[in-house]
Amino acid sequence: MVSYLLSTDDYSVGAKKIEEIKKGIKESYDTVYYDLDEDSIYDIINELTTVSLFDEPKVIIAKSAELLINITDNALKELSMAMADYNSLNVLIFITTEGYDLNNNVFVNLKKYASFIDIKIKNVPLDQYAKESFLEDGYEIADDVLSLLISYCDSLTLVSSAVEILKCYKLENKKITKEDVLKMVPKPLEDKGYELTNAVLRGDKKRIFEIYEDFKTMNAASNLIPMLLKKFQELYNVYNLTRAGVGQEEIANLFQVKPNVAYYMIKDAKTKSISDIKNNIDLLNKLEFDIRTGKMDYELGIQLYFLR
């Protein structure tokens, strides 16, 4: 049996490595998935030691593998014995996005039978991954359009999702354009956060609720209050910094943002009413307190804040 302990900071990166491992297997095989957050380690041990219906080797993929540290000594012994069966053609892949404590006794033991792979998203060029994904299915995409797409996605998971959306959308002519990316790929949450802050300060209710629906679609609505507080606090701080003579480059470094973002932060701080900014900070702090203490329902509270 061949076994792997795979650690990654992005599940899509890990899934890509798993596909590479599977391509190296000459025999036909069954793929079986487990999640240690839901399944017992004994389910995996039984899978390893049970012959498949058609006597084919199995690729057994077990997620949430950081939870292996909780298995009993007896389970560890049985798992180690199964992994030590070098006559088996099965492939076992434990995968975690939380990281392994390789000094833990469980992993010290398992590393005797498994190869450890640590793969990070920084080692996977997102533009190369996206381009190859398009090309292998016969799609065309210009370099400037590819750059726009990557600017919208800060993880391989988001890139992978965006690529699949665009493939489905342009299934007939298979040419990805800038307009396709703008229409089909959601803007990064950070960009939408700046846009929502500005819409609130303008009192643009229509745009506020359009962006709010975007956050709900992306399952990010629960982060709206802390995100808005952060944006308004940034504006307040930038207002005071610019009055003290701090420049664009220094603000970019202080807030760890790109220079063009710092430019708009300074512009907003200079053109927006400081009293409106402070009022929104006070309102959001009170709303957060009321929600946390059970005085206000979250969704109702945020909607009332937007409608005020």
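The values are calculated or read from the model by the stated rules, or taken from the named source; none is laboratory data. This structure is a prediction, so every number in the text was calculated from the model and none was measured. Glycine gets a Cβ as well: all are built from the backbone with ideal geometry, and neighbour counts include every protein chain shown.
Since Asn46 meets every condition but one in (1) under 20 Å from Ser7 (Cβ atoms); (2) assigned to a helix (DSSP H, G or I); (3) among the polar types (S, T, N, Q), which condition does it not meet?
Answer for Asn46: the failing condition is (1).
Across segment 250-266, what is the number of residues that are surrounded by fewer than 15 Cβ atoms within 10 Å (Cβ to Cβ) and modelled with pLDDT of 85 or more?
Within segment 250-266, residues that are surrounded by fewer than 15 Cβ atoms within 10 Å (Cβ to Cβ) and modelled with pLDDT of 85 or more number 1.
Would you be able to say whether some residue in segment 270-284 is surrounded by fewer than 17 Cβ atoms within 10 Å (Cβ to Cβ), touching a Gly at 6+ places or on another chain (Cβ under 7 Å) and at pLDDT 90 or above?
The answer is no, given that none of the residues of segment 270-284 is surrounded by fewer than 17 Cβ atoms within 10 Å (Cβ to Cβ), touching a Gly at 6+ places or on another chain (Cβ under 7 Å) and at pLDDT 90 or above.
So, in segment 83-108, exactly how many residues are assigned to a helix (DSSP H, G or I) and over 20 Å from Lys22 (Cα atoms)? Let's see the steps before the verdict.
Taking segment 83-108 as the starting set, the residues that turn out to be assigned to a helix (DSSP H, G or I) are 83, 105-108.
Adding the requirement that they be over 20 Å from Lys22 (Cα atoms) leaves 105-108.
Residues that pass the stated criteria total 4.
If you go through segment 4-23 one residue at a time, do you hit one that is farther than 27 Å from Cys153 by Cβ, surrounded by fewer than 16 Cβ atoms within 10 Å (Cβ to Cβ), modelled with pLDDT under 90 and not β-branched (Val, Ile, Thr)?
No, because not a single residue in segment 4-23 is farther than 27 Å from Cys153 by Cβ, surrounded by fewer than 16 Cβ atoms within 10 Å (Cβ to Cβ), modelled with pLDDT under 90 and not β-branched (Val, Ile, Thr).
Tally the residues that are under 21 Å from Asp10 (Cα atoms) and without any contact (Cβ under 8 Å) to a residue 12 or more places away in the chain, restricting the search to segment 129-150.
1
Looking at this structure, is Ser222 among the polar types (S, T, N, Q), assigned by TED's automatic domain parsing to the domain that holds Ile251 and at pLDDT below 85? Steps first, answer last, please.
On the way: among the polar types (S, T, N, Q): yes; assigned by TED's automatic domain parsing to the domain that holds Ile251: yes; at pLDDT below 85: yes.
So Ser222 fits the description; yes.
Would you check which residues across segment 131-153 are aromatic (Phe, Trp, Tyr) and either more than 22 Å from the chain's Cα centre (by Cα) or modelled with pLDDT under 90 (or both) and list them? Before you say what the answer is, go through the steps one by one.
As a first pass, look at segment 131-153 and keep what is aromatic (Phe, Trp, Tyr): 134, 139, 152.
Tyr139, Tyr152, listed by residue number.
Restricting attention to segment 240-256, report how many residues are under 32 Å from the mean Cα position of the chain (by Cα) and not polar (S, T, N, Q).
Here is the first cut: in segment 240-256, the residues under 32 Å from the mean Cα position of the chain (by Cα) are 248-256.
Those left that are additionally not polar (S, T, N, Q): 249-252, 254-255.
Going through segment 240-256 one residue at a time, the tally reaches 6.
What is the one condition in (1) out of contact with any Pro (no Cβ under 7 Å at 6 or more places or on another chain); (2) over 29 Å from Pro125 (Cβ atoms); (3) surrounded by fewer than 16 Cβ atoms within 10 Å (Cβ to Cβ); (4) in contact (Cβ under 8 Å) with a residue 40 or more places away in the chain that Asp30 does not satisfy?
(4)
Return the residue satisfying two criteria in turn: it lies in segment 183-194 and is in contact with a helix residue (DSSP H, G or I) (Cβ under 6 Å, 6 or more places away or on another chain) and at pLDDT 80 or above, and of such residues it is surrounded by the fewest Cβ atoms within 10 Å (Cβ to Cβ).
So the first thing to find is which residues in segment 183-194 are in contact with a helix residue (DSSP H, G or I) (Cβ under 6 Å, 6 or more places away or on another chain), and the list is 184-185, 192-193.
Applying the additional criterion that residues be at pLDDT 80 or above yields 184-185, 193.
Working: Met184: 15, Val185: 21, Gly193: 21.
Restricting to residues being in contact with a helix residue (DSSP H, G or I) (Cβ under 6 Å, 6 or more places away or on another chain) and at pLDDT 80 or above, the top hit is Met184.
Is it true that some residue in segment 113-122 is of a type in the set (Ser, Thr, Tyr), at negative phi, surrounded by 13 or more Cβ atoms within 10 Å (Cβ to Cβ) and in a helix (DSSP H, G or I)?
Here is the first cut: in segment 113-122, the ones of a type in the set (Ser, Thr, Tyr) are 113, 115.
Imposing the further condition that a residue be at negative phi reduces the set to 113, 115.
Cutting the leftovers down to surrounded by 13 or more Cβ atoms within 10 Å (Cβ to Cβ) gives us 113.
Adding the requirement that they be in a helix (DSSP H, G or I) leaves none.
So far as segment 113-122 goes, no, none of its residues is of a type in the set (Ser, Thr, Tyr), at negative phi, surrounded by 13 or more Cβ atoms within 10 Å (Cβ to Cβ) and in a helix (DSSP H, G or I).
Yes or no: Tyr212 more than 26 Å from Arg292 (Cβ to Cβ), buried (at least 16 other Cβ atoms within 10 Å of the Cβ) and of a type outside the set (A, V, I, L, M)?
Values: more than 26 Å from Arg292 (Cβ to Cβ): no; buried (at least 16 other Cβ atoms within 10 Å of the Cβ): yes; of a type outside the set (A, V, I, L, M): yes.
So Tyr212 fails the test.
Counting only residues that are of a type in the set (A, V, I, L, M, F, W, C) and within 30 Å of Ile274 (Cβ to Cβ), give me the helices (runs of 4 or more DSSP H) lying completely in segment 135-214 with at least 1 of them. Give the derivation first.
Numbers: elements: 143-151, 156-169, 178-184, 189-202.
Output list reads 189-202.
Pick out the one residue from Ile176, Ile211 that is in contact with a helix residue (DSSP H, G or I) (Cβ under 6 Å, 6 or more places away or on another chain) and either farther than 30 Å from Pro125 by Cβ or without any contact (Cβ under 8 Å) to a residue 12 or more places away in the chain (or both).
Numbers: Ile176 fails: either farther than 30 Å from Pro125 by Cβ or without any contact (Cβ under 8 Å) to a residue 12 or more places away in the chain (or both).
Checking each option against the conditions leaves just Ile211.
Just give me the residues in segment 161-182 being closer than 26 Å to Val257 by Cβ, buried (at least 18 other Cβ atoms within 10 Å of the Cβ) and of a type outside the set (Gly, Ala, Ser), in sequence order. Steps first, answer last, please.
Here is the first cut: in segment 161-182, the residues closer than 26 Å to Val257 by Cβ are 161-162, 178, 181-182.
When the remaining residues are screened for being buried (at least 18 other Cβ atoms within 10 Å of the Cβ), the result is 162, 181.
Across segment 161-182, the qualifying residue is only Val181.
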